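Only one structure is covered here, and it is reproduced in the block below.
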Amino acid sequence: MATGELTGCLALTEPDAGSEATNIQTTARRDGEDYVLNGMKRYITNAPVADVFTVIARTEEGSRGHAGLTAFLVERGPGLRTGAQYKKMGQAGSPVSDVFFENCRVPATNVIGEKEGVGFQTVMKVLNKQRLHLAALCTGPAIRMLDLAVTHTTQRAQFSQSVANFQLVQAMIADCRTEIFAARSMILEAARARDHGEDVALTASMCKYFASEMCGRVADRCVQMFGGAGYIADFSPIERYYRDVRLFRLYEGTSQIHQLNIAKLTLREHEKATVQ
Ligand SMILES: Cc1cc2nc3c(=O)[nH]c(=O)nc-3n(C[C@H](O)[C@H](O)[C@H](O)COP(=O)(O)OP(=O)(O)OC[C@H]3O[C@@H](n4cnc5c(N)ncnc54)[C@H](O)[C@@H]3O)c2cc1C
């Protein structure tokens, strides 16, 4: 995967397991030296082109929540089928589809961490890094959109002057620039803390929440700064960005799930401080 010869994907979400990610129905039944997987996954990025699938399935019959979940590395082969690529709002370069498991046989040696029942904890281990990564991924397009908008406003003339001269347009430039700086600063600080081995569960969640919402606000202002051209694909790339970045607030935990997480961790800290 590191050399680009294999494409991977993470297959966690299911029709009834979205924000409630532990409500997984896909099963993996032990059969000798193998597990046999049955069920389906939804909204899986890269699934149509993936060679390897990290799949979270229920190994303990009748278990609920995160107990009894196991993470598997599943190679594309018999018993694994991917659906047709969805038609999406944006991100046309990123194929996404359903994944189906029909008596899909996986060697027991493919259990990630070699241990049954800790699949959700396995996913959680990479979660903070992933959230910081996603927050950075929100900041890049925001920088690009602002660059494009600033160029446009300095070149576009109305009322015999460049529209960048108008202070109401300058307010939009200032708000974008400030919010991008805020997101970037937050991400760098949280990433440094993680590199020093600190617990970044709270700060990584704040970064993902703020940066994805920030990117949405920047996209909206940049469409505004382009005027009509911001809405027309023939005249600017900004409408594509506007659609592409909408996803950031939905996956890797919706904004609402991050708000809940940030509040939960803050209240927990407060409770700890008052007990001591
Ligand atoms: C293009 C795309 C790519 C994706 N890629 C992947 C992938 O590679 N792998 C993967 O496993 N998944 C992937 N996902 C799934 C994604 O992570 C989920 O869509 C996301 O977690 C939200 O789940 P849901 O769609 O079921 O929404 P729901 O959970 O049904 O949420 C609907 C609404 O209810 C709100 N809500 C839900 N619960 C609460 C609550 N307790 N309190 C307050 N509000 C709540 C949500 O915030 C949202 O506004 C992808 C999704 C998309 C659209």
Item to complete: Exactly one condition in (1) of a type in the set (A, V, I, L, M); (2) under 25 Å from Gln91 (Cβ atoms); (3) more than 20 Å from the chain's Cα centre (by Cα) is not met by Met206; state its number.
Response: (3)
Worksheet, complete the sentence: Among (1) surrounded by fewer than 17 Cβ atoms within 10 Å (Cβ to Cβ); (2) within 16 Å of the ligand (Cβ to nearest atom), Gln224 falls short only on (2)
Worksheet item: Any residue at all in region 132-140 that is free of Cβ contacts under 8 Å to residues at least 40 places away in the same chain, surrounded by fewer than 18 Cβ atoms within 10 Å (Cβ to Cβ) and either assigned by TED's automatic domain parsing to the domain that holds Glu60 or farther than 19 Å from Asp199 by Cβ (or both)?
Response: yes
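Do we have Met145 as surrounded by fewer than 17 Cβ atoms within 10 Å (Cβ to Cβ), touching a residue at least 12 places away in the same chain (Cβ under 8 Å), under 28 Å from Cys207 (Cα atoms) and not hydroxyl-bearing (Ser, Thr, Tyr) here? Lay out the reasoning, then the answer.
Working: surrounded by fewer than 17 Cβ atoms within 10 Å (Cβ to Cβ): no; touching a residue at least 12 places away in the same chain (Cβ under 8 Å): yes; under 28 Å from Cys207 (Cα atoms): yes; not hydroxyl-bearing (Ser, Thr, Tyr): yes.
When the stated conditions are applied, Met145 does not pass them.
With assigned by TED's automatic domain parsing to the domain that holds Leu134, farther than 18 Å from Lys129 by Cα and within 16 Å of the ligand (Cβ to nearest atom) as the only criterion, which of Tyr251, Tyr242, Tyr231, Tyr209 stands out? Steps first, answer last, please.
Numbers: Tyr251 fails: farther than 18 Å from Lys129 by Cα; Tyr231 fails: within 16 Å of the ligand (Cβ to nearest atom); Tyr209 fails: farther than 18 Å from Lys129 by Cα.
On inspection, the qualifying residue turns out to be Tyr242.
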Item to complete: Just need a number here: residues in region 110-128 that are assigned by TED's automatic domain parsing to the domain that holds Asp244 and at pLDDT 95 or above.
Response: 0
Worksheet item: Out of Thr27, Thr59, Thr3, which single residue is outside the structural domain of Val111 (by TED's automatic domain parsing), more than 10 Å from the ligand (Cβ to nearest atom) and either modelled with pLDDT of 95 or more or of a type outside the set (Ser, Thr, Tyr) (or both)?
Response: Thr3
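Quick check on this structure: which one of Leu202, Leu188 is among the aliphatic types (A, V, I, L, M), surrounded by fewer than 21 Cβ atoms within 10 Å (Cβ to Cβ) and touching a residue at least 12 places away in the same chain (Cβ under 8 Å)?
Numbers: Leu188 fails: touching a residue at least 12 places away in the same chain (Cβ under 8 Å).
Residue meeting the stated conditions: Leu202.
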Worksheet item: Which of (1) in contact with a helix residue (DSSP H, G or I) (Cβ under 9 Å, 6 or more places away or on another chain); (2) within 14 Å of the ligand (Cβ to nearest atom); (3) among the β-branched types (Val, Ile, Thr) does Val49 not meet, given it meets every other one?
Response: (1)
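Among the residues of region 1-20, count how many are under 25 Å from Gln256 (Cβ atoms) and touching a residue at least 40 places away in the same chain (Cβ under 8 Å).
Step one: filter region 1-20 for residues under 25 Å from Gln256 (Cβ atoms), giving 9-20.
Filter once more, keeping what is touching a residue at least 40 places away in the same chain (Cβ under 8 Å): 9-12, 19.
Here the count works out to 5.
Rundown of residues vs (1) more than 17 Å from the chain's Cα centre (by Cα); (2) acidic (Asp, Glu), yes/no style:
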{"site": "Glu14", "(1), (2)": "no, yes"}
{"site": "Tyr43", "(1), (2)": "no, no"}
{"site": "Pro78", "(1), (2)": "yes, no"}
{"site": "Ala92", "(1), (2)": "no, no"}
{"site": "Pro95", "(1), (2)": "no, no"}
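Residues that are within 16 Å of the ligand (Cβ to nearest atom), farther than 30 Å from Gln224 by Cα and under 17 Å from the mean Cα position of the chain (by Cα): does region 106-118 have at least one?
Initial filter on region 106-118 (within 16 Å of the ligand (Cβ to nearest atom)): 112.
Narrowing the set further to residues that are farther than 30 Å from Gln224 by Cα leaves 112.
Cutting the leftovers down to under 17 Å from the mean Cα position of the chain (by Cα) gives us none.
No - not one qualifying residue is present in region 106-118.
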Discussion item. Considering only residues that are among the basic types (Lys, Arg) and more than 13 Å from the ligand (Cβ to nearest atom), which ones fall in region 62-93?
Written reply: Arg64, Arg76, Arg81
Worksheet item: Only one residue in Gly77, Gly62, Gly83, Gly90 is within 25 Å of Gly4 (Cβ to Cβ) and loosely packed, with under 14 Cβ neighbours inside 10 Å, so which one is that?
Response: Gly77
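The values are calculated or read from the model by the stated rules, or taken from the named source; none is laboratory data. All values derive from a computational prediction rather than experimental measurement. Counting neighbours? That spans all protein chains shown, and the Cβs are built from the backbone with ideal geometry, glycine included.
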